[in-house]
Amino acid sequence: MHSQSIRGTHSHTGLDESPVHDGGAHSPQDLSYIGPPGLSPQKGMVMDRYRKWTGPHEAKVLDPGLVQPAAGLLTNRGISGPCCLNMHSKEFEPDDCKCPIRPSTSVNLRSMRAALVSGMPSLRGVPGSPVLSFSALQYGFYFPSESLSLPFSVQQTENAKSTPDDSQQGLVITAAIENGMCSLYRDHDTGKKAQTATSLWDAYSGLLSNQAMILAMNSSFVDPSLQFETQLKITESSFKMVFSIPSLDKVKEIGKSEDKQEDLETLYRSIFNIYEDTLLILVSKDFYKLQILKEMAVWMNEDSSYLQERAMVIISRVLSFASRKVKGYTSVDAPCLGILAAELSLLCSHTDPSITQQASLGMYHLLCIAKCQTDIAKNKTAKYAKPGSHCLQPSSSDTEFLPKILQRDKTTIAQSVGKTLLPSLLTDFVWTLLMKLSVPDPVTASEAAAILKLTLEYHAPKVTMVSKIVDAIYKQLRANASHTMKQAMLRVITLLTRTSPKKVIFQLMDYPVPADNTLILMWHAAGSESSVAPHVLKTILLILKGKPGEMQERKKERKRFSLDITNMMPVAASQALCTLLPVGCYKKAVAQFFPQLLMALMLQLFYSSNLRLLTEDRPFYACDALRVLLNCSGLQQVDTALQRKNCWNQFSQVLFHHHGVYLVAKTLSEYNFPQFPETLHYLYKLSVEGPRRSEDSVIIIIFLTELLNNFFKDPFPEEFLVLFRNWVNDSDPAVSKLSLQKIASMAPVINEIENVSSLLLSIVDAFLSKDKTVVIRAFMTLRSLLVRLDKVTYSSLCTRIASSYCPLMDHSNGGIRSMAIRHFGELLRDMSHYTWMLNDVVFRGLVPLILFLEDTEARVVKACKHTLGICASELKWSASYLFNDEYYSFELVVLNICNNLLISHGNYITDLISDTLGYLRSSRTHLRRASVILIGYLAKLGGYLLHRDELEVMLEAVDRVLRDNDPTIRELAGITHKLFKEIAHTLTSSNIKQSFRRFFNFIYIKKLKPLYNYNLPKHLTGSPMGIKETKND
């Protein structure tokens, strides 16, 4: 075949390639072997069989840094001697390489094939004609792919038959590769020695095959996650091949001579070197692949038969290489450091000193990498970061000293790891050690517990994902109640509670109620230290602000606060208080938070009583916790007194709850509980800030009112009166009524209140409430206060108060209508000396007072008669006798009032007509009927005051009533319409004539007689209602 040159760049390597020039073709006789001392030249005899292969080809070195040169090297003439480059040396630097194989060196392909024959990925065939295909990418060389046929089998199984040649002589296949001679000795002894030799050869060939695939993939464009996953699987396969081979001493036993033992040792060491080189190349490309070391630590612990010391040597060497390479990096992506540190920390206390030494050395290098990560994170925001300034490497003296300290020194390990690792990595470290507590090996579990405890004692604040750790402990303890590491796990809970009480307590409350024994143990562990007691109680109080059974906002996404879509954490918190409050170290904290705990449990009693309506089997932990609180606070007498009153047994009844709150507050007051000042202050704070829910206000008001009643005389201090004044117009009707009730009780001392006007006006504002019970309570409260209010203050407010009654005279509720009308009259009577101040308000309310005489409810009619009688008396009208049942007639009352209006207050007639027009559109029949009659009389008497456009509006309004469904209303509307027409006929367009007419009617007043004859009494004869004409004096 012709010689061939390969130039350019290979598409899969990702490495720079330099062309290599062939110095000329070489014949097979040009091949020679130069190997390490002690190797027999006969071991190169297999090279003679290769001379029948194809001619030389040019090859080129892709990257000398990837090549592990051999101690002895097959070369063409002029290229010989050992390579000074040793990647396994601590002083390894690529630039120091003096290897004769450089990018500019020409290498004979046949020589390289001889050197690489043992590294072919596939060694398959039958004796006499195997086929071997290979690629040498893993060595940094590129060759054309081709198949080679050998005249003999390079791999035989244990059961293969011996050939005549085999019986005459042993078969030795030798290839000079990488660190030295690879030798497999096969003689007629077919026992364990043959198996050992075969296993070495299988491991070596398989390792090279795996290395080729790993490194080829490393230079490809495969998705990084898929690439790493595949490489990890192949590396695991290589690990099991490499570290399951016999020890070096056993390998040497199969050698018959010193030379053969040396060859086997060279092969043995080459196997480990290839595995290490693969890891070095992977890590040099991507620090993320340090994760393979973490997996190695796991694999080596799975089977004690693995060569653990050798594995640790490789791990420490790779970490050493990484710690040097990290110099100058601006970012380090090594998320496995926490888990790997946990594995190494356990090995630092291994019984084998050699493993301990390597583990501590590896831990040291790992901490150097972690230190670099931490420094980069600190300097990440630095605007001008110089290369190489991110990682501060320790001095040479530190390098020699620190690993020795790490050996079997758990305290130093815990402090160094906690100080160096980033929070996320330290969390991985803690999590890994926590998982080790459940391993079958008690020694490992004990070591993990010791390191975990020390780490959390020094660096628990840096640990994240606390809830996940607590949950894992709960699951492990629940699965195995007699766990050998139970105390160690509970200690973890205690240590985490020191720095993250909120996270721990929230997670402990996030389990179904009632709590099981495991959870109660964890509660005790969380609250076992007095220093954390205040923080624990604060967190529980935060949980108690929730309402049991309340639905979460998002059902699809599981929230940490609740396992279920309903929040049952407050119930769990109440049960936890039953467990924690009696603990001695909580005595001081309980005294500090007594008011908060008292009110939180009072609210939970209310919530729980409502919840028990739906779930009868729910334990009443809030009640139990409240009793525990009283007993732990020195209030045993209060608990006993409430027990005698049967308070505790009735609290579960919803209707009793408000009364139960009253009993608790009253009993506490009766025994002069020493926590009164703090409790009153906290209640005031709650009232000012406003509770989370409106129903909370009810409990607060009941409790606060009862405490004030027992410790203060009415009136309350101004700061508390402000609260009650604000509560009058609360959105919750129950709150408003409670406040109004308390204000009403202060009527005897109403004049002693400083700002009584604002208090009364707040009650008037309550008239606008949509809840009728609040309005009625406001009427009653205001009336009880006005009776005792001094006249000066009363007179300043009477107009405002009277005006607020008028809209309620037309309220849809009969009770409110009757009270508004009656209280309006009472106010007029109270202000009899100030009638002149109320004239406008009186005539504003006169129309509804007249119309509601026709109301369907007797109480409203009675109230109207009562108030109209007062009005007539105050206005000096002679109409009071008409409200007696004997003479009562709606039309006669209207006629009498209109006649009196015409005489004394004629100027209000047009305003009264305007008010009456609005009732013509009322949905109530009796109001439309009454308004038709009233507007007719008002128009008849005051027609001279009307303008034409005003009359047209009135005619239009009556026209609609002419089509009313009620025949009586239609008949009455017809009379009114005719009356309006007559008035319109008398109107003149001349302003002079109109003014003269008004003046004439003002002098000569004509009293009217009945126009409608609507329900007139039969004994009207002799009645004073005659037609008279009088001259106005």
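Restricting segment 692-718 to residues that are in a loop (DSSP other than H, G, I, E, B) and surrounded by 18 or more Cβ atoms within 10 Å (Cβ to Cβ), which is nearest to the chain's Cα centre (by Cα)? Ranking the qualifying residues of segment 692-718, first place goes to Phe716. Is there a residue in segment 449-459 that is without any contact (Cβ under 8 Å) to a residue 60 or more places away in the chain, of a type in the set (A, V, I, L, M, F, W, C), surrounded by fewer than 23 Cβ atoms within 10 Å (Cβ to Cβ) and under 23 Å from Asp510 (Cβ atoms)? No, that holds for no residue.
Of all residues in segment 210-254, those satisfying the criterion of being over 25 Å from Ala297 (Cβ atoms), among the small types (Gly, Ala, Ser) and at pLDDT 80 or above are Ala212, Ala216.
Only one of the numbered conditions (1) in contact with a Leu (Cβ under 9 Å, 6 or more places away or on another chain); (2) more than 21 Å from Pro570 (Cβ to Cβ); (3) of a type in the set (A, V, I, L, M) is not met by Ala591, and that is (1).
Only residues that are at pLDDT 85 or above and within 11 Å of Leu290 (Cα to Cα) were counted in segment 325-338, giving 3.
Among the listed residues Ser803, Ser796, identify the single one that is touching a helix residue (DSSP H, G or I) at 6+ places or on another chain (Cβ under 8 Å) and closer than 22 Å to Val860 by Cβ. Explain how you work it out, then say what you get.
Details: Ser796 fails: closer than 22 Å to Val860 by Cβ.
Of the residues listed, the single one that is touching a helix residue (DSSP H, G or I) at 6+ places or on another chain (Cβ under 8 Å) and closer than 22 Å to Val860 by Cβ is Ser803.
Quick check on my filter: what residues within segment 572-585 are in contact with a helix residue (DSSP H, G or I) (Cβ under 7 Å, 6 or more places away or on another chain), at pLDDT 90 or above and part of a helix (DSSP H, G or I)? Step through it out loud before you land on a result.
Pass one, segment 572-585, residues in contact with a helix residue (DSSP H, G or I) (Cβ under 7 Å, 6 or more places away or on another chain): 573-582, 585.
Next, only the ones that are at pLDDT 90 or above stay: 573-582.
Within segment 572-585, Ala573, Ser574, Gln575, Ala576, Leu577, Cys578, Thr579, Leu580 meet the criteria.
Going through Thr679, Thr705 one at a time, which residue ends up being more than 16 Å from Leu782 (Cα to Cα) and in contact with a Pro (Cβ under 7 Å, 6 or more places away or on another chain)?
Result: Thr679 is the single residue among Thr679, Thr705 that is more than 16 Å from Leu782 (Cα to Cα) and in contact with a Pro (Cβ under 7 Å, 6 or more places away or on another chain).
Of all residues assigned to segment 830-841, at least one qualifies as being under 26 Å from Arg777 (Cα atoms) and charged (D, E, K, R). Among the residues of this structure, Leu768 counts as one that is exposed (fewer than 15 other Cβ atoms within 10 Å of the Cβ), free of Cβ contacts under 8 Å to residues at least 40 places away in the same chain and within 49 Å of the chain's Cα centre (by Cα).
Scanning segment 219-230 for residues that are loosely packed, with under 14 Cβ neighbours inside 10 Å and either small (Gly, Ala, Ser) or in contact with a Ser or Thr (Cβ under 6 Å, 6 or more places away or on another chain) (or both) returns Ser220, Ser225.
Against the definition (out of contact with any strand residue (DSSP E or B) (no Cβ under 6 Å at 6 or more places or on another chain), surrounded by fewer than 17 Cβ atoms within 10 Å (Cβ to Cβ) and either aromatic (Phe, Trp, Tyr) or under 21 Å from Ile933 (Cα atoms) (or both)), how does Trp877 come out, yes or no? Answer is no for this residue. Considered as a group, the residues in segment 231-271 that are over 13 Å from Ala311 (Cβ atoms) and of a type in the set (Asp, Glu) include one that is surrounded by the most Cβ atoms within 10 Å (Cβ to Cβ), and that residue is Asp263. Sort out which residues of segment 804-813 are surrounded by fewer than 16 Cβ atoms within 10 Å (Cβ to Cβ) and assigned to a helix (DSSP H, G or I), and write them in order of number. The answer is Pro807, and nothing else. The residues on offer are Leu849, Leu785, and the sole one that is modelled with pLDDT of 90 or more, over 56 Å from the mean Cα position of the chain (by Cα) and surrounded by 20 or more Cβ atoms within 10 Å (Cβ to Cβ) is Leu849. Looking only at segment 721-765, which residues are among the hydrophobic types (A, V, I, L, M, F, W, C), more than 43 Å from the chain's Cα centre (by Cα) and part of a loop (DSSP other than H, G, I, E, B)? Once the filter is applied, which keeps residues that are among the hydrophobic types (A, V, I, L, M, F, W, C), more than 43 Å from the chain's Cα centre (by Cα) and part of a loop (DSSP other than H, G, I, E, B), segment 721-765 yields Met746, Ile753.
The values are calculated or read from the model by the stated rules, or taken from the named source; none is laboratory data. All of these numbers come straight from a predicted model, not from anything done at the bench. For neighbour counting, all protein chains shown are included, and Cβ atoms are generated from backbone atoms with ideal geometry for every residue, glycine included.
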